[in-house]
1. Would you mind counting up the charge near Val204? Only other residues with Cβ under 15 Å from its Cβ, with Lys and Arg at +1 and Asp and Glu at -1.
2. Counting only protein heavy atoms and using a 1.4 Å probe, what share of the accessible area of the stretch 145-260 belongs to carbon plus sulfur, as a whole percent?
3. Give me the 1.4 Å probe accessible area per residue for the stretch 12-65, excluding ligands and nucleic acids, in Å².
4. Could you work out what % of the accessible surface of the stretch 1-121 is carbon and sulfur, using a 1.4 angstrom probe and leaving DNA, RNA and ligands out of the count?
5. Quick check for you: with a 1.4 Å probe and neighbouring chains kept, what is the accessible area per residue of the stretch 75-232, in Å²?
6. Quick one: Kirkwood hydrodynamic radius for the stretch 8-290, alpha-carbon pairs, angstrom, one decimal?
7. Where the centroid of each part is defined by its Cα atoms, how far is the stretch 110-149 from the stretch 218-246 in Å?
8. Sticking with the crude label model, points 7 Å out along Cα→Cβ, report the distance from Glu225 to Arg58 in nm, one decimal please.
Amino acid sequence: MTAATPSRSTTEASALVIKPLSSFTGAECTGVDLANLKAGEWDRLREAYGTYSILVVRDQQLSKPDQIAFSERFGELELPIRADYLGKDYPALHVVSNLGKDGKPNPKAALDNPGNFFWHTDASYMQRPASSTLLYAIEIPPSGGDTLFANMHAAYDALSTEMKQRIDGLRAVHSWEQSRHNSGSRPASAEEIAAAPPVAHPLVRTHPKTGRKGLYLGNHTSHIEGMPIEEGRALLKQLLEHTTQAQFIYRHQWLTGDIVIWDNRSLMHKASDDFDMGGHVRRLHRTVVQGDVPR
Ligand code: OGA
Ligand code: MN
């Protein structure tokens, strides 16, 4: 474990304002510079993150090292499974974009990772999946390309008592290989499968910090351990449909300079593919924090 490198902090008075974005998830943070935190701001951000599961911090100007230093406050950073996602200059910072090799917007580049357009929770195919993801908007198309978030605690709470009993104690198998298949991506390579063999996690997981129960599933799931494959997939499909109903969703419309921090233990997310991928640039800087074994 590498020690976290704290981002700088000063003792000037804070102008940080934290405002809820919806009745059940998300808070907007303004008047703060994540590269120069003032006294008390980190504690307030961390507390709000525990309450809202998504922080949308506006108007940031972060270099790659600034984003990495701030991200490390949340824990150790995780490197992507895909070798081609390792950032060239900073391996832990991966650029999400629709830019082709020639530097021009290209739908093929955006669709190179179609999994982002399916509901998922980051790296759930790992034994220790991502706790938090930080996505920072460098360039955003004039319309479309939102990111959608579904709150899995609210969705769990809304299940019938019968369904809660039915799924209690079940474990879902998450698999990088199956995930690639689910999203119609190029098949997983042998190296990738070796780095991320299938792993089972509780279908209902308890958030390690808040103790709240939530469904834990998405595009990386394959089937339910100990259940006939098709029966397990039908159950996962039913729960996914339940969880992604409008009342559990916060839709983020990006502004350049936003950094969005979300809790993968509480939320699923997906990108929307409704922007002009050949005509406009969508480019974001992504860092991922490694979490604990789900329980
Ligand atoms: C991700 C992701 C969605 C988006 O970076 O993990 O799923 O809107 N991104 O780009
Ligand atoms: Mn993701």
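The values are calculated or read from the model by the stated rules, or taken from the named source; none is laboratory data. Here the structure is a predicted model, which means the values were calculated and not measured. As a convention, Cβ positions derive from the backbone with ideal geometry for all residues, glycine included, and neighbour counts pool all protein chains shown. The area values use the complete protein model at the heavy-atom level, side chains included, leaving out ligands, DNA and RNA. Shrake-Rupley method; radii C 1.70, N 1.55, O 1.52, S 1.80 Å.
1. Taking every other residue near Val204 into account, the sum is +4.
2. 52
3. Accessible area per residue, the stretch 12-65: 48 Å².
4. On the way: 3410 of 6370 Å².
Accessible surface attributable to carbon and sulfur in the stretch 1-121 totals 54 percent.
5. Ligands and nucleic acids excluded, the result is 46 Å² per residue.
6. On the way: mean 1/r = 0.0513 Å⁻¹.
After inverting the mean inverse Cα-Cα distance, the result is 19.5 Å.
7. Cα centroid to Cα centroid, the span is 20 Å.
8. So the label points at Glu225 and Arg58 sit 4.5 nm apart.
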